[in-house]
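Worksheet for the structure shown next.
Values quoted throughout were computed directly from the atomic coordinates according to the rules given, and no laboratory measurement underlies them. It should be emphasised that the depicted structure is a prediction, and the values quoted were computed from it without experimental measurement. Here the Cβ positions follow ideal geometry from the backbone for every residue, glycine too, while neighbour counts run over all protein chains shown.
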Amino acid sequence: MRNLLLGAMLTLGGTMAQATEYLNIFTWDGYVAPEEVTAVNALLKEQGYDIEVRVMDTLAEGPEQMFDVIRSGDVDVSFLTLNYINMEGVPFSNLLQPIDTSSPRLSNAQALLPELSAIEMGMSDAGPLYLPFGGGAYGIWANDDVVSEHPASVADLLKPEWSGRISLTSGQVQPNVALALMAMGEAPFAVQDASGDRKKMAEMQKADGALQQTLTALYEQVGFFWSAGPEFRDDFAFVASYGPGASAHVASGGNWSLVNFDEGSTVWLDTINFSKTLEGDKLEAAEIFANYFIGKEVQERIVNGLGMVAATTLVDANPMLDENPEFFAEELFWPPYTKVANNVMNMLSKRASGGDS
């Protein structure tokens, strides 16, 4: 038996066969295309690495799920949403390592948008825990077949004419609370901003308070709450979407467009991250992978195919950013929520949807 095992490990030339190592990628649906995996694997082979990129079957869903998957130790490279990195209760920063953007294998890092490259919520004392990949708005998309004129303010969504004709998400309540706050003329993350002030938090979470009343009124306008992804049905006038889902629907012939409210839209940024355990050749392979994904070809695809905002200056056009240079204004970025803020927002949402107070 021992001789059989030894024989199985020998090549025809009589040398020990070396097993290929895998670089495991944990990502959101649609971010890593099969042909791009093939292209990076070709680059790795050309440069003498016996390492292959492998996209994990498990897809990203949200902060708690992503934390559990990365903590398992099976992930080498991840695509975290920026505000997850230092969010309370899910200490991703303990699982990641700083990225050396001056590495010769990260030449495309020099073309990244400077306003996205060193955002405080994604930094460690030793440097950035991320490379920006691409972003978008959590916005309201209008059905232009039935909406003749886009509303100017988020508060207009509360008008009687839109009753039952709005669709929001049930999966993450924070964006819904942000919409309610903007409808009140408040900052979208006012609950987060007040999470260290007991008096303000007590006021915000009152069952008969202004925020509760506004959120309840907003929920009463909703005809359908989506979970896994938005549905752009003909009977809806407005649907909330992170962007890629809406863009895919438009590409298939739907007549929908993002509403540019006076208050703006909250924005998100998805990033590329390296697990703390990466070292040596696998770390170098991760840099080669990341460099390809912040390069022109992939960044053009996420703009034109997913309707996202590219993170680089290499693209020929970056429509949403070109139209609105303040798209990534700091005050509109989803923050790394505190536990207190999350608890209050979940309670407000439960009440608004008819749950117990």
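Given that just one value was derived from the coordinates, which of (1) 79, 45, 42; (2) 62, 47, 32; (3) 77, 47, 33 is Cα extents along the principal axes in Å? It is the value labelled (1). Between the residues 305, 329, 229, the greatest Cα displacement towards the positive end of the dipole of the chain, with unit charges on the Cβ of Lys, Arg, Asp and Glu, is found for 229. Here's the picture: charge each Lys and Arg Cβ at +1 and each Asp and Glu Cβ at -1 in the range 189-289, and of 248, 214, 265 the one pushed furthest to the positive end of that dipole is 214. When shorter helices are ignored and each DSSP H run of at least 4 residues is given -39500 (n - 2.57), the per-residue value for the chain at 222 nm works out to -9000 deg cm²/dmol. Modelled label positions at residue 145 and residue 260, each set 7 Å beyond Cα in the direction of Cβ, lie 2.5 nm from each other.
A dipole drawn for the range 124-208 from +1 and -1 charges on Cβ atoms has a positive end, and of 163, 133, 187 the residue lying farthest that way is 187.
Once backbone amide H atoms are built at 1.01 Å from N, residue 266 has 138 as its partners under 5 Å, excluding neighbours fewer than 5 places away on the same chain. Each Lys or Arg adds one and each Asp or Glu subtracts one; over the other residues with Cβ under 14 Å from the Cβ of residue 254, this totals -4.
Counting only Cβ charges, +1 for Lys and Arg and -1 for Asp and Glu, the dipole size of the range 183-316 around its Cα centre is about 260 debye. In a Gaussian network model over the chain where Cα atoms closer than 10 Å are linked, find which of 175, 104, 230 has the largest mean-square fluctuation. Evaluated over the chain, the most mobile residue of the options is 104. Charge tally around residue 232: other residues with Cβ under 15 Å, Lys/Arg +1 each, Asp/Glu -1 each, net -3. In straight-distance terms, cross-link reach from residue 282 covers every one of the lysines whose alpha-carbon lies under 17 Å from its own, apart from those fewer than eight places away in the same chain; here that gives 45.
Overall, the chain carries a charge dipole of about 920 debye about its Cα centre when +1 sits on the Cβ of Lys and Arg and -1 on the Cβ of Asp and Glu, all other atoms neutral. From least to most packed, judged by other beta carbons within 10 angstrom and beginning with the fewest, 95, 314 follow the order 314, 95. Within the shell defined by Cβ-Cβ distances under 13 Å, the residues around residue 154 carry a net charge of -3, with Lys and Arg each +1 and Asp and Glu each -1.
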